Amino acid sequence: MIAKTVPRKDTESFMETEVPKYLIVLNGIAAVVYFIVLAFWFPRGNTVLFSLLIAGEIFHLWQLATFLWTIWDTEYEASFDSSYQPKVDVFITVAGEPVDIVQETVTAALAMRYPRHTVYILNDGYVAKKENWYEMELLAERLGVECITRKTPGGAKAGNINNALRETASDLVVVFDADHVPHADFLARTVPYFHDPKMGYVQTPQYYKNYAVNDITRGSWEQQTLFFGPICKGKNRLNSVTMCGTNMVIRRSALVEVGGIAESIAEDFLTGALMHSRGWKSLYVPEVLAEGLAPEDFLSYYKQQFRWARGSLDFIFRYKLLFRPGLSFAQRLQYLSSVSYFLSGAVVLMNALIPLLFFFFGIVPFQISTMLLAAIFLPNIFLTLYLLQRSSGYSFSFRSLAFSMAGFTIHLRALLAALLGEKTAFSVTSKKAISGNFVRLVIPHIVYILLVVFGVGVGIAREGFSPSILSNFAWAVLYSVIFLEFVAAALPKESYGFVHELFASRELAG
């Protein structure tokens, strides 16, 4: 039997990923033509600035090429045998989260329609020095589930899971974060794929049920629609699905073979790569089967994004897994493509600085007319944005673009930490909103906007309202608006003022 999943409700529109092949080809051609014209046809301006810009365009071309390759076919179907029903251990990882949140997840796990599953609370509250650690044992007793309270620290979430592996024995292991509430059919929709003896793990989307609470939850979710939509679906045919840490099923023997969950701040990403290198298969089920909580405050969002970026960059700088034997060429490219996203911060910063360099110093990368540049730039960017929209079921939004680009400061900080080998501790994302003014985290964005305002005046004083002033002003305004969305998210709601009215009250679904 072959199982084919389809979107079941409006919240799953990001799964509608089919894109006409001609559109993918056209987008690729437009990008290559744009690069060739920039690199070899236009007269060069400042040599250093030109070189940096071309380096950035090569990076963009790499990102687009791997994206187009990934989404070329997103309708992969795997063999599904509903009669396959092995024993399953369900691990709910807990490290001090509120009891009511954990209770909801445990109750839903018990209610999953499957004949042979045992639910465990993996209680890391004791070693994490959380005051409510004992409450988890009482909760487990009250709900009739097992509670494994770890007393020996080490390895954070990975250590917690590995400790539980030693105390359990079922063929399959399911992992849910404390806030990710499974649907009743979670096991019925995932376990049957393991009738294939080489299936190592099955991943489902990390969906946020609180996405509509505020700008931060919306931004957190909308950033992920492109990943959990066309990208993850496209990775299926390449056996390169990313392990995402929650809402997943893993074959115990495969996990034991790679030494358990890798003890890293990106334990999931690394573990999946290790399993791929040993020849195990992976599968992404494109259906929302569990619903979690997005960070509701800017500080929690910032920390989460930094942890993801830092952990992913370790894949290259610390573990050097791209050179690990056993990975196929396609898998190496897919992992490199995923990790390289977190290198984009340097390119965003460089592109944002170009208009400022013109305003203050009059230097440009090209000696061309504004209209000529627009003639080749606009068709290329239009096709790219349209493809992003089309491939994500029109769920890709301005907010997701803004959060991704304005997050360049997070990516740069993570890159510096990776290059210097700084140790970064694993931290659990807060499940309750932390109040406060986090403007310190967006100071670079505020400084940029102020420099644009001042720089425009300097440029006009030097050469009046020239075409170059107008084109660079338009580019700078675009970046300022993108950064302003990020700044608004960092401020407490009561201090948003006109910024809150401008961004928080409008829907930016396309």
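Restricting the search to the stretch 196-214, which residues are open to solvent by 10 Å² or more (accessible area, probe 1.4 Å), more than 16 Å from Val285 (Cβ to Cβ) and under 19 Å from the mean Cα position of the chain (by Cα)?
Lys209, Asn210, Tyr211, Ala212, Asn214
When you scan the stretch 340-352, do you find a residue that is open to solvent by less than 10 Å² (accessible area, probe 1.4 Å), closer than 22 Å to Phe67 by Cα and not β-branched (Val, Ile, Thr), even just one?
At the first step, the residues of the stretch 340-352 found to be open to solvent by less than 10 Å² (accessible area, probe 1.4 Å) are 340, 345, 352.
Filter once more, keeping what is closer than 22 Å to Phe67 by Cα: 340, 345.
With the extra rule that they be not β-branched (Val, Ile, Thr), the set shrinks to 340, 345.
Yes, because at least one residue in the stretch 340-352 is open to solvent by less than 10 Å² (accessible area, probe 1.4 Å), closer than 22 Å to Phe67 by Cα and not β-branched (Val, Ile, Thr).
Return yes or no: is Leu187 over 23 Å from Ala254 (Cβ atoms) and either hydrophobic (A, V, I, L, M, F, W, C) or at pLDDT 95 or above (or both)?
Here the answer is no, as Leu187 does not meet what is asked.
Among the listed residues Thr149, Thr168, which satisfies the condition of being over 30 Å from the mean Cα position of the chain (by Cα), of a type in the set (Val, Ile, Thr) and closer than 19 Å to Glu257 by Cα? Break it down stepwise before answering.
Details: Thr149 fails: closer than 19 Å to Glu257 by Cα.
Just a single option satisfies the conditions, and that option is Thr168.
In the stretch 76-107, which residues are at pLDDT below 95, among the acidic types (Asp, Glu) and within 13 Å of Ile121 (Cα to Cα)?
Glu97, the sole residue that qualifies.
Can you tell me which residues in the stretch 137-157 are among the basic types (Lys, Arg), open to solvent by 90 Å² or more (accessible area, probe 1.4 Å) and in a loop (DSSP other than H, G, I, E, B)?
Of all residues in the stretch 137-157, those among the basic types (Lys, Arg) come to 142, 150-151, 157.
After this cut, where a residue has to be open to solvent by 90 Å² or more (accessible area, probe 1.4 Å) as well, the list is 142, 151.
Lys151 - this is the single residue of the stretch 137-157 that is among the basic types (Lys, Arg), open to solvent by 90 Å² or more (accessible area, probe 1.4 Å) and in a loop (DSSP other than H, G, I, E, B).
Looking at (1) assigned to a loop (DSSP other than H, G, I, E, B); (2) of a type outside the set (Gly, Ala, Ser); (3) open to solvent by 10 Å² or more (accessible area, probe 1.4 Å), which one does Pro295 not meet, given that it meets all the others?
Tallying (1) assigned to a loop (DSSP other than H, G, I, E, B); (2) of a type outside the set (Gly, Ala, Ser); (3) open to solvent by 10 Å² or more (accessible area, probe 1.4 Å), Pro295 fails exactly one: (3).
Hey, any hits in the stretch 72-85 for a residue that's assigned to a helix (DSSP H, G or I) and either among the β-branched types (Val, Ile, Thr) or open to solvent by 50 Å² or more (accessible area, probe 1.4 Å) (or both)? First the steps, then the outcome.
Step one: filter the stretch 72-85 for residues assigned to a helix (DSSP H, G or I), giving none.
Within the stretch 72-85, not a single residue is assigned to a helix (DSSP H, G or I) and either among the β-branched types (Val, Ile, Thr) or open to solvent by 50 Å² or more (accessible area, probe 1.4 Å) (or both).
Go through Tyr114, Tyr134, Tyr193 for me and flag whichever is among the hydroxyl-bearing types (Ser, Thr, Tyr), part of a helix (DSSP H, G or I) and surrounded by 15 or more Cβ atoms within 10 Å (Cβ to Cβ). Break it down into steps so the answer makes sense when it comes.
Working: Tyr114 fails: part of a helix (DSSP H, G or I); Tyr134 fails: surrounded by 15 or more Cβ atoms within 10 Å (Cβ to Cβ).
One residue alone meets the criteria, Tyr193.
Kindly provide the set of residues from the stretch 232-245 that are assigned to a loop (DSSP other than H, G, I, E, B) and either surrounded by fewer than 24 Cβ atoms within 10 Å (Cβ to Cβ) or at pLDDT below 95 (or both), ordered by number.
Of the residues in the stretch 232-245, the ones assigned to a loop (DSSP other than H, G, I, E, B) are 237-245.
Selection gives Arg237, Leu238, Asn239, Thr242, Cys244, Gly245.
Among the residues of the stretch 312-339, which ones are of a type outside the set (A, V, I, L, M), in a helix (DSSP H, G or I) and open to solvent by 50 Å² or more (accessible area, probe 1.4 Å)?
Phe317, Phe323, Phe329, Arg332
Against the definition (of a type in the set (D, E, K, R) and modelled with pLDDT under 95), how does Asp177 come out, yes or no? Explain how you work it out, then say what you get.
Details: of a type in the set (D, E, K, R): yes; modelled with pLDDT under 95: no.
Answer is no for this residue.
From the residues in the stretch 117-131 that are touching a residue at least 12 places away in the same chain (Cβ under 8 Å) and assigned to a loop (DSSP other than H, G, I, E, B), which one is farthest from Val175 (Cα to Cα)? If you could, list the steps in order and put the result at the bottom.
To start, the set of residues in the stretch 117-131 that are touching a residue at least 12 places away in the same chain (Cβ under 8 Å) comprises 117-128, 130-131.
Those still in the list that are assigned to a loop (DSSP other than H, G, I, E, B) too: 124-128, 130-131.
Details: Asp124: 14, Gly125: 17, Tyr126: 20, Val127: 20, Ala128: 19, Lys130: 21, Glu131: 24 Å.
Filtering first and then ranking leaves Glu131.
Taking the stretch 162-178 as the search range and keeping residues that are part of a loop (DSSP other than H, G, I, E, B) and polar (S, T, N, Q), which one is surrounded by the most Cβ atoms within 10 Å (Cβ to Cβ)? Working first, answer last.
First, pick out the residues of the stretch 162-178 that are part of a loop (DSSP other than H, G, I, E, B): 166-171, 178.
Applying the additional criterion that residues be polar (S, T, N, Q) yields 168, 170.
Working: Thr168: 17, Ser170: 15.
Checking each candidate, the answer is Thr168.
Check Gly279, Gly292, Gly245, Gly272 and return the single one that is touching a residue at least 12 places away in the same chain (Cβ under 8 Å) and in contact with a helix residue (DSSP H, G or I) (Cβ under 8 Å, 6 or more places away or on another chain). Walk me through how you get there before you give the answer.
On the way: Gly279 fails: in contact with a helix residue (DSSP H, G or I) (Cβ under 8 Å, 6 or more places away or on another chain); Gly292 fails: in contact with a helix residue (DSSP H, G or I) (Cβ under 8 Å, 6 or more places away or on another chain); Gly272 fails: in contact with a helix residue (DSSP H, G or I) (Cβ under 8 Å, 6 or more places away or on another chain).
The unique qualifying residue is Gly245.
Do the conditions hold for Trp69, that is, is it within 25 Å of Val285 (Cβ to Cβ), among the aromatic types (Phe, Trp, Tyr), open to solvent by 20 Å² or more (accessible area, probe 1.4 Å) and at pLDDT 90 or above? Working first, answer last.
Details: within 25 Å of Val285 (Cβ to Cβ): yes; among the aromatic types (Phe, Trp, Tyr): yes; open to solvent by 20 Å² or more (accessible area, probe 1.4 Å): yes; at pLDDT 90 or above: yes.
So Trp69 passes the test.
The values are calculated or read from the model by the stated rules, or taken from the named source; none is laboratory data. The structure displayed is predicted, hence computed values, not measured ones. Cβ atoms come from the backbone with ideal geometry, glycine included; neighbour counts cover every protein chain shown. The protein model used for the area step is the full one, side chains on, heavy atoms only, and it has no ligands, DNA or RNA in it. Shrake-Rupley method; radii C 1.70, N 1.55, O 1.52, S 1.80 Å.
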